[in-house]
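J.: Pasting in a structure now, in structure tokens, and then I'll have a few things to ask.
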Amino acid sequence: MVKATIPDTRMLVGGERIAHEPGRTIAVLSPLTGEVLAEVADAATEQVSNALASAESAFEAWRTTSGAERARLMHRLADILEREADDLARLESADNGKLLRETSTQARFTVRNYRFFAGAADKIYGHTIPLDAWETFDYTRKEPVGVAVLITAWNSPMQLLANKLAPALAAGCTVVIKPSEIAPLTTLRLADLVEEAGFPPGVINIVTGGKEAGVALTTDPRVGRISFTGSVETGKAIARAAADVLVPVTLELGGKGANIVFEDADLDRAVPGVIAGIFAAGGQTCIAGSRLLVHETVAETVISRISEIARQIRIGDPTDPDTQMGPVASIVQRDRILSMIADAKTDGAQLAAGGGAPKDGTLAGGAFVEPTIFTNVAPDSRLAQEEVFGPVLAVTTFSSDEEAVTIANGTDFGLASGLWTQNVQRAHRVARDLIAGTVWINTYRYSAAQAPFGGVKQSGYGRERGLEALDEYLRTKNVLMDLSDDIRDPFAIKA
Ligand code: NAD
């Protein structure tokens with residue numbers, strides 16, 4: 001097992017590291033062994049308030065820095081993150097149990113994100129707008145929203161944070177970050193790295209904690225934007241809380257992705273695509289292709305091929321290069337997944353692979369679940385409707401394109417979906433008709449800094465990545481000047 005170096009776990013507020021208050025700490029556990037990796041602070045409301053005050057005061061100067069200067073600092077941060085990528089990947093694997101090959105790719109992908117948005121930082125501008133009246137001058141300014149609160153989930157802390165922090169900094173916002181208490185370590189490591197990059201104190205603040213800290217961050221009128229990645233339930237609680245102080249919210253929530261395999265698909269590519277959709281990262285991604293919709297004429301072949309692969313997936317230590325699937329993030333999460341598997345067994349679905357915790361005694365202490373495939377899953381059953389957030393695939397067959405689209409769209413979610421076909425018209429027709437923020441054609445789980453990402457329906461609203469992400473952290477001001485020397489009628493609006 002490769003050991004990770006545990007960083008300084010103190011919070012970062014106004015450029016200072018804040019010591020944990022006695023009695024207010026949270027233990028961060030290894031998903032592999034259950035041992036305590038570190039203790040982090042459980043921030044109290046007052047500490048969160050201090051972090052917001054620090055971000056608010058830093059904004060006064062930060063808002064006047066040029067885009068070029070913000071870009072320079074972001075490129076420096078990207079260089080440092082690139083230098084530290086291997087260590088960060090090891091730390092994230094130790095913290096959330098994901099494979100080192102996955103966290104290594106994510107560490108490098110975050111660098112790409114910071115560079116992409118650094119490139120955008122000096123290209124943020126409004127328009128001049130010709131009005132009906134000749135003697136006018138109208139223009140818009142794109143201004144940063146001020147303090148942005150960035151709250152992330154445990155499953156991909158580095159990447160989820162980069163999705164938010166990079167556009168927020170490029171837009172000219174200052175931030176208060178709160179990672180998940182389950183996997184906060186790479187975010188705390190970032191505290192050292194932003195200091196090395198030279199960001200002014202208070203531009204980037206990091207607090208840790210659970211619900212109290214989260215509530216304090218999302219009920220404060222000093223905040224200009226909340227960007228949240230996590231569960232639907234918490235997302236809705238945040239949207240309700242933020243409504244009271246009229247703070248706008250970006251929500252990246254769950255998913256129940258449909259991976260659709262048509263009868264003309266190249267199965268040699270589709271089969272690994274289906275496996276990647278559900279068993280990569282142990283299925284713990286919001287974009288997991290957790291539903292396989294397969295045309296009835298190729299269903300038997302596809303099910304037999306994926307089941308064969310699922311049975312041979314090597315489960316174990318996520319830092320071992322031979323491992324293909326690590327543990328899920330916690331014992332609580334494992335037990336939740338196992339209970340959903342038990343429910344599916346009594347719900348008429350047929351088990352084709354897996355179906356429990358691995359029998360191998362060496363894995364007993366960890367939060368492991370076997371790669372599991374259920375066939376004959378009714379589209380309205382719990383397994384087909386609820387996010388499992390684990391390595392459990394629900395397979396349903398279809399007989400026409402229309403039926404595939406109806407089943408794919410028949411959940412409350414709308415985050416990501418995939419389709420496999422060699423028919424170009426069908427590919428784009430189905431892509432058009434799927435209700436989802438992302439549709440992959442003949443690929444799955446493909447992310448790019450340039451490509452906007454986000455959900456519809458219960459998967460949330462707002463977009464991350466792509467130039468669209470900047471808009472979440474900007475607001476438009478309109479400036480109108482009357483160029484004429486007219487004396488106006490004071491009792492009628494001018495239009
Ligand atoms: P979660 O909702 O339990 O927690 C997410 C964050 O919210 C954590 O930092 C947590 O401390 C904080 N939080 C908890 N209660 C809060 C409150 N009342 N107010 C403010 N903050 C609060 O989610 P999780 O279990 O960490 O993550 C798993 C979920 O995240 C899954 O549903 C998954 O689909 C979703 N997810 C979505 C995306 C996406 O981009 N759409 C990406 C990854 C994960």
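Bear in mind that the values in this text are calculations on the coordinates, not laboratory data. The structure presented is a predicted model; accordingly, all values stated were derived computationally and were not measured. All Cβ positions, glycine included, derive from the backbone under ideal geometry; neighbour counts span all protein chains shown.
J.: Compute the distance in nm between two label points, each set 7 Å from the Cα along the Cα-to-Cβ direction, one at Asn478 and one at Gln425.
T.: 4.5
J.: Along each principal axis of its Cα atoms, how long is the chain end to end? Whole angstroms, biggest number first, please.
T.: That gives 80, 57, 39 Å along the principal axes, largest extent first.
J.: Let me ask another. Within straight cross-link reach of Lys123, meaning Cα distance under 14 Å, which aspartates and glutamates are found once same-chain residues fewer than 8 apart are removed?
T.: The qualifying aspartates and glutamates are Glu69, Glu143, Glu468, Asp471.
J.: For Glu308 and Glu233, what does the FRET efficiency come to when R0 = 35 Å and r is the distance between their Cβ atoms, rounded to the nearest 0.05?
T.: On the way: r = 37 Å, r/R0 = 1.05.
Rounded to the nearest 0.05, the efficiency is 0.45.
J.: Above 16 Å lies some portion of the pair distances; for the range 136-178, what is it as a whole percent of all C-alpha pairs? Intermediate results must be reported in sequence, preceding the final value.
T.: On the way: 398 of 903 pairs.
More than 16 Å apart: 44 percent of the Cα pairs in the range 136-178.
J.: Mean residue ellipticity at 222 nm from the helices of the chain, using -39,500 (n - 2.57) per DSSP H segment of n ≥ 4 over the full residue count, to the nearest 500 deg cm²/dmol?
T.: Using -39500 (n - 2.57) per qualifying helix, the result is -11500 deg cm²/dmol.
J.: What size of dipole, in debye to the nearest 20, comes out for the chain about its Cα centre when the only charges are +1 on Lys and Arg C-beta atoms and -1 on Asp and Glu C-beta atoms?
T.: Rounded to the nearest 20 debye, it is 320 debye.
J.: So how do Thr136, Thr421, Thr103, Thr5 line up by other beta-carbon neighbours within 10 Å, fewest first? Can you show the working numbers first?
T.: Details: Thr136 15, Thr421 22, Thr103 31, Thr5 10.
Listed from fewest to most nearby Cβ atoms, that is Thr5, Thr136, Thr421, Thr103.
J.: If I model a spin label as a point 7 Å beyond the Cα along the Cα-Cβ vector, how far apart are those points for Ala44 and Thr362 in nm?
T.: Between Ala44 and Thr362, the simple spin-label model gives 4.7 nm.
J.: Antiparallel DSSP bridges in the chain: what percent, to the nearest 5?
T.: 40
J.: Given the range 258-441 reduced to its alpha-carbon atoms as identical point scatterers, what log10 I(q)/I(0) does the Debye formula return at q = 0.13 Å⁻¹?
T.: For the requested q values the scattering log ratios are -0.61.
J.: Next question, about the same structure. Would you please report the Å³ per residue occupied by the convex hull of the alpha carbon atoms in the range 1-117?
T.: Spelled out: Cα convex hull of the range 1-117, divided by residues, is 119 Å³.
J.: For the range 119-130, in order, what is each residue's ³J(HN,Hα) by Karplus, 6.51 cos²θ - 1.76 cosθ + 1.60 with θ = phi - 60°, in whole Hz (x at glycine and Pro)?
T.: x, 8, 4, 9, 10, 9, 8, x, 10, 9, 10, x
J.: Cβ neighbours within 10 Å, averaged per peptide: list 333-340, 6-13 in order, most packed at the top.
T.: Details: 333-340: 17.8, 6-13: 20.6.
Order by mean packing, descending: 6-13, 333-340.
J.: Also, quick follow-up: Any chance you could give the angle, 0 to 90 degrees and rounded to 10, that helix 157-171 forms with the longest Cα principal axis of the chain?
T.: Approximately 20 degrees, to the nearest 10.
J.: Follow-up. When we measure straight from the Cα of Lys178, which aspartates and glutamates land under 14 angstrom away, once same-chain ones fewer than 8 places off are left out?
T.: Correct list for Lys178: Asp42, Glu212.
J.: Could I ask something else about it? What pairs in Lys98/Lys236; Lys211/Lys457; Lys142/Lys494; Lys211/Lys236 have C-alpha atoms more than 20 Å from each other? Mind showing how you got there, number by number?
T.: Values: Lys98/Lys236 27 Å; Lys211/Lys457 25 Å; Lys142/Lys494 25 Å; Lys211/Lys236 14 Å.
Violating the 20 Å Cα-Cα cut-off are Lys98/Lys236; Lys211/Lys457; Lys142/Lys494.
J.: Compute the separation of the alpha-carbon centres of the range 418-465 and the range 235-259 and state it in Å as a whole number.
T.: After rounding, the separation between the Cα centres reads 20 Å.
J.: In nm, what is the difference between 0.36 nm times the number of residues separating Gln450 and Tyr139 and their Cα-Cα distance?
T.: That pair, Gln450 and Tyr139, stretches by 109.2 nm at full extension.
J.: Using only Cα atoms, find the angle between the long axis of helix 267-279 and the longest principal axis of the chain, and express it within 0 to 90 degrees, rounded to the nearest 10.
T.: With both axes taken from Cα atoms, the answer is about 70 degrees.
J.: Counting only other residues whose beta carbon sits under 15 Å from that of Ile487, what net charge do I get with K and R as +1, D and E as -1?
T.: -3
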